[in-house]
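The values are calculated or read from the model by the stated rules, or taken from the named source; none is laboratory data. This structure is a prediction, so every number in the text was calculated from the model and none was measured. We place every Cβ from the backbone using ideal geometry, glycine too, and count neighbours over all the protein chains shown.
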Amino acid sequence: MTESKAFYNVPRGDEIVERLHAIERSHNVRVLYAIESGSRAWGFASPNSDWDVRFLYVHPEDWYLTVHEQRDVIEIPIDGDLDISGWELRKSLRLLRKGNPVLFEWLKSPILYMEGRDDVTGYALMDKYRHVADDLFNPLASVYHYWHMAKGNFREYLHGEEVRLKKYFYVLRPVLACRWVLAGYGQPPMAFGALVERLVTEGSLRQEIDELLRLKMAAAEMAMGPARPAIQDYLIDSLKLIEGAVSEFARGRQIHGEPDQVDTLFRSIVRHAGWHAQ
């Protein structure tokens, strides 16, 4: 695999890529793909929001030729506002087969730090990964994931006369992602703005959300604000709608794609990861 190319335009980009290269050296791995997750990728970061860097990586072939279970995550201790962690390729593919929505989000992140390419062809290895992911997208798994996230966050955070601003978005975004899938639009986009643009058509509600977004992006990460009844009512109605739709939506649905697609992809990436003499 040729050295991963970087595609980013964020203030900490150079520092983050340097740290990813340091991880490659210290753990003897290749970073296949590295992106920004969390509020900065979702589009509602505060000025002091953390940097949530997530990556996929692959080991040399010999690492996989053992009967022993080995650690399949790399978690770097949080350093100030920088949070970096990654999943090993095989772990990520097992989760992909189950329709894990987190992986689908990572594949749609608007902030891409690194992406590895095949030594010989120059082909982006993650293009093959994305192609398989498209076949394995599981709408039902996606709906359940976002529905449970929205319900849990609503119950825990959205009560009282004052609410932490960011918590509204921790309910709004999964609610809109649910409604996106239920409407038949496929994989939901990672960007909050794209969800709002397509799904929030009522003018006064849209103004309320836009105002809340403006306040959130100008305020500190832990800032509080008065409860927003119009948004609260929309969320309550949406959760009821989703709950009523889930049973019908689930009928007859299953994961698409052939299981051997994942095995073929796994072998291809491991063999083309460019493990030359170090």
Q: Might you let me know whether the stretch 156-166 holds any residue that is closer than 27 Å to ASP72 by Cβ and buried (at least 19 other Cβ atoms within 10 Å of the Cβ)?
A: no
Q: Mind listing just one residue for me: the one in the stretch 113-130 that is farther than 22 Å from SER85 by Cβ and either basic (Lys, Arg) or in contact with a Ser or Thr (Cβ under 9 Å, 6 or more places away or on another chain) (or both) and, of those, modelled with the highest pLDDT?
A: LYS128
(Q) Given the condition surrounded by 18 or more Cβ atoms within 10 Å (Cβ to Cβ) and among the acidic types (Asp, Glu), answer yes or no: does some residue in the stretch 30-37 qualify? (A) yes
Q: Test TRP180 against the stated conditions and say whether it is among the aromatic types (Phe, Trp, Tyr), in a helix (DSSP H, G or I), free of Cβ contacts under 8 Å to residues at least 24 places away in the same chain and not assigned by TED's automatic domain parsing to the domain that holds ALA45.
A: yes
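For every residue, the table says whether it meets (1) touching an Asp or Glu at 6+ places or on another chain (Cβ under 8 Å); (2) of a type outside the set (Lys, Arg); (3) modelled with pLDDT of 95 or more.
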residue	(1), (2), (3)
SER26	no, yes, yes
GLY38	yes, yes, no
ASP52	yes, yes, yes
HIS68	no, yes, no
SER85	yes, yes, yes
GLU88	yes, yes, yes
Q) Only one residue in SER26, SER85 is small (Gly, Ala, Ser) and within 20 Å of the chain's Cα centre (by Cα), so which one is that? A) SER85
Q: Scan the stretch 221-241 and give yes if some residue there is without any contact (Cβ under 8 Å) to a residue 40 or more places away in the chain, of a type outside the set (A, V, I, L, M), surrounded by fewer than 18 Cβ atoms within 10 Å (Cβ to Cβ) and assigned to a loop (DSSP other than H, G, I, E, B), otherwise no.
A: no
Q: Filter the stretch 187-212 for residues that are over 29 Å from ARG130 (Cβ atoms) and in contact (Cβ under 8 Å) with a residue 24 or more places away in the chain and give the result.
A: SER204, LEU205, ILE209, LEU212
Q: Return only the number of the condition from (1) more than 25 Å from ALA191 (Cβ to Cβ); (2) modelled with pLDDT under 95; (3) within 17 Å of the chain's Cα centre (by Cα); (4) among the β-branched types (Val, Ile, Thr) that VAL73 does not satisfy.
A: (2)
